[in-house]
Each structure stands twice: as C-alpha cells, then as structure tokens.
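Since the structure comes first, as structure tokens, the remarks are kept for the end.
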Amino acid sequence: MNAGLTLLLIALGLFGLYSVEFGVVGILPAIIARYGIGVAQAGWLVGLFALIVAACGPFMVLGLSRLDRRKVLVGSLLVFSLCSLLSGWAPSFGVLMALRVPSALLHPVFFALAFAAAVSLYSSERATHATAMAFVGTSMGLVLGVPLTTWVEARVSYEASFMFCAAVNLAAALGLWAMLSAGPTARPSSHGQPLAILRKPAVWLALATTVCVFAAMFSVYSYAAEYLARETGLDGETISMLLVVFGVGGVLGNLLAGRWLGRSRALTVLLYPAMLAGAYGVLHAFASASFAVLLPVCLLWGAAHTSGLIVSQVWLSSAAPEAPEFATSLYISAANLGVVLGSALGGALITFAGMRGALWSGWLFAMMAIVFVTLAIQLRGKTSHPQHIDAVPKKA
C-alpha cells in the first residue's frame with residue numbers, strides 16, 4: 001500500500017466533504033434566485049448541516065466506528081457524492097435541504113475515521129505528520145471549496161457546481177477503496193477518564209470561546225457571496241475570483257497564526273477576535289465595485305477568518321492535554337454549534353437591517369469571545385504557573 005497516495009486520497013475526501021458542507025455559500029445568490037427564498041432562509045443550508053453535526057456527531061461515530069473502516073469511509077464518500085448530484089436537480093428548496101441531512105449525519109464519522117486511517121499509515125513517530133497532512137484537505141476544502149464551486153456555477157451552470165462536488169467525492173471513494181485494506185475496526189475505549197475533563201472550568205470556557213469564534217466567523221462567511229454581490233454589484237465570476245483570494249489569505253493566515261501561537265498562545269488567542277472584528281470593519285468601510293480595492297480586503301478577511309480554526313483548536317486542546325482525542329470531538333461539536341448560531345443570527349440581522357447586519361452579528365460574537373478568553377486566562381493564571389499558560393501542547 002502506497003502510504004503517500006492513500007494519505008493524498010484521504011485529504012481529497014476531506015476536501016470533498018467540506019466542499020459539500022460549505023460549497024453552497026458560494027452559490028447562495030443562485031439558490032435564492034432559483035427557489036425564490038430569502039437570504040436568512042437560504043442560510044439554513046449551512047446552519048442545519050452544522051446543527052446535525054453538532055447534535056448527532058458523537059452518536060454516529062460511536063455507532064459506525066465499530067464497522068469496517070474502509071467500508072464506512074468509502075460508503076460515506078459515496079453518500080456525499082450522490083446527495084451532491086441529486087442536489088443539482090432538487091425540485092424545491094425543501095428537497096435541497098433534505099438532501100443535506102445524510103451528508104451531515106456522516107460528516108463526523110468520515111472526519112474521525114479519516115484521521116484514524118491517516119495515522120495508521122505511518123509509525124507512531126510520524127503520526128503528527130500524517131495528521132498535519134490530512135488537515136491540508138480540511139483547510140483546502142474550507143478555503144477553496146467555496147470559490148471553486150462559485151467559479152463552476154458562474155462559468156458552466158448551477159447544476160455543474162453540484163456535479164463538481166459529486167465528482168471529487170466519487171474520485172476519493174474509488175481511490176480509497178483501491179488503496180485501503182479492509183479493517184481495522186475501532187477499538188473500544190474507556191470514556192471515564194476523558195469525561196473527567198468536563199469537570200474543568202477551563203474546558204468549558206474554551207468551548208464557549210470556540211462557539212463564539214466560529215459564530216463570529218460564520219455570521220459573515222455564511223453569506224459571503226451574497227454580501228459581495230449586494231454590496232459591490234460585481235458579477236458571479238468576479239466574486240468567485242475574490243473568494244479564491246479569500247482562500248489564499250486563509251492559508252497565509254493559518255501559517256501566521258501557527259507561528260504566533262508558538263510564541264505566545266494566550267496573547268494570540270486574546271487578540272484574534274479583535275483582529276477578526278477589525279477585518280469586518282475594513283470590509284464594511286471599503287466594500288465597493290473596485291476589484292483592485294477588494295483584493296487586499298478579501299485577502300485580509302480570509303486571513304482573519306481562517307486562522308480562527310487553528311487558534312480555537314489549540315486553545316481548547318491546551319485546556320485538556322490529558323485527553324486530546326475527546327477534546328477534539330468536543331471541538332468539532334462546539335465549532336458546528338458556532339456555525340449554527342452565527343449563520344442564524346447573521347441571517348436574522350440581515351432580514352432586520354440589510355446585508356450589513358451580518359457584520360453586526362460577527363462583531364457581537366467577537367466581543368463575547370474576548371470576554372471568555374479573558375476569563376480563561378485569569379483562571380489559568382490562578383491554577384497554573386504563568387509559564388504554563390503559553391506552553392503549546394505537543395499534540396493538538
């Protein structure tokens with residue numbers, strides 16, 4: 001078995017998964033026009049998906065992780081592909097929403113088993129490398145899945161944008177079926193010790209921070225294409241190019257955030273919500289029909305947005321270094337809860353105050369995140385030696 005190629009296919013599957021979840025953001029204007037619905041209603045395509053992941057994820061993982069890993073991974077990808085294909089010809093918005101449910105249910109299952117499969121490809125000394133490489137697919141799906149879907153819709157057709165997601169997941173499914181060997185199934189584990197971290201106030205504050213960070217991010221990002229369309233008047237193809245710039249900024253932002261976290265974790269986490277709020281201020285002030293002006297604006301927005309992924313994950317992991325796997329599962333649930341809250345409040349404020357209402361929602365959640373981080377820093381300062389506050393965990 002070629003470990004490098006298998007890892008690449010796992011990353012491709014993760015890219016396909018997040019393209020399915022967030023690809024609709026890039027074609028939101030087309031969905032609104034096609035079904036004659038409001039922006040807030042369309043935002044539930046992201047909100048419902050995230051709500052299902054947050055509520056059902058742990059149960060789905062416990063139920064399906066005992067089965068043959070290859071079959072579950074490939075089966076999940078085939079479901080993602082089929083639902084994407086059918087979505088392109090959904091006769092109503094209700095049907096389109098219903099087609100999101102199977103993919104949402106299998107999202108945490110594929111995510112968990114994909115990383116387990118990636119780690120199993122290498123020795124324990126290279127487990128961190130395997131995890132990092134698998135995260136490339138996640139990051140690319142988050143920052144490039146949207147603009148690519150937008151570009152396909154603008155250049156080819158609405159249906160083709162869903163076919164693109166279907167093709168990516170089908171390719172990953174066929175590749176993993178050929179490359180992965182049957183099994184192994186997940187080994188049963190004791191949950192008593194991991195559950196003990198729920199008694200730590202620092203964990204709950206970190207979870208609250210994660211919820212608020214993701215809510216601040218997705219208050220605006222859930223309506224990114226529609227925001228740019230309404231506030232600038234630019235066409236779909238131009239907006240897709242700007243979203244690519246957003247994605248490039250996201251990659252750079254993650255790299256910079258990783259360095260800053262290594263130097264001063266607490267300060268970086270404290271400053272991050274303020275940086276995101278500042279990026280929204282720039283977006284508010286400089287959104288115009290000028291492509292040249294919007295290039296640096298979207299680059300900054302993308303960097304501020306995407307760096308929230310690594311910032312919130314490292315902060316939560318550092319609160320529970322004794323149970324990194326369980327902390328990661330809590331992170332996924334908290335992140336998706338934040339997506340639900342952000343997209344819901346952002347949509348509600350858009351209905352009340354126009355597209356800039358999404359920015360108000362983002363600013364509100366950013367301020368709440370600062371409060372929770374401040375409380376956590378004070379708590380950790382009382383319970384740990386100061387030098388431990390900024391110690392980056394070996395395994396995030």
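The values are calculated or read from the model by the stated rules, or taken from the named source; none is laboratory data. This structure is a prediction, so every number in the text was calculated from the model and none was measured. FYI the Cβ positions are ideal-geometry reconstructions off the backbone, even for glycines, and counts take in every protein chain you see. Remember, those area values only see protein heavy atoms, side chains included, never the ligands or the DNA or RNA. Shrake-Rupley method; radii C 1.70, N 1.55, O 1.52, S 1.80 Å.
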List pairs: first residue in segment 353-376 and in contact (Cβ under 8 Å) with a residue 24 or more places away in the chain and open to solvent by less than 10 Å² (accessible area, probe 1.4 Å), second residue in a helix (DSSP H, G or I) and of a type in the set (S, T, N, Q) anywhere in the structure, Cβ distance under 7 angstrom, at least six positions apart or on different chains. ALA358/SER219; SER361/SER219; GLY362/SER219; ALA369/THR209; VAL373/THR209; ALA376/THR209
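Is it the case that VAL53 is modelled with pLDDT of 90 or more and either of a type in the set (Lys, Arg) or in a helix (DSSP H, G or I) (or both)?
Answer is no for this residue.
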Keeping to segment 86-98, report how many residues are in contact with an Asp or Glu (Cβ under 8 Å, 6 or more places away or on another chain) and surrounded by fewer than 18 Cβ atoms within 10 Å (Cβ to Cβ). 1
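To keep it simple, each residue is scored yes or no on (1) among the charged types (D, E, K, R); (2) not in a helix (DSSP H, G or I).
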residue: ALA40; (1), (2): no, no
residue: ARG66; (1), (2): yes, yes
residue: SER81; (1), (2): no, no
residue: PRO91; (1), (2): no, yes
Would segment 142-152 turn up any residue that is modelled with pLDDT of 90 or more and under 19 Å from VAL109 (Cα atoms)? no
Picking from LEU375, LEU341, the residue that is within 30 Å of LEU113 (Cα to Cα) and at pLDDT 90 or above would be LEU341
Only residues that are open to solvent by 10 Å² or more (accessible area, probe 1.4 Å), closer than 30 Å to ALA30 by Cα and of a type in the set (Ser, Thr, Tyr): list them for segment 222-275, please. THR232, THR238
Unique match (being within 14 Å of VAL101 (Cβ to Cβ), open to solvent by 30 Å² or more (accessible area, probe 1.4 Å) and in contact (Cβ under 8 Å) with a residue 40 or more places away in the chain) among CYS83, CYS56: CYS56
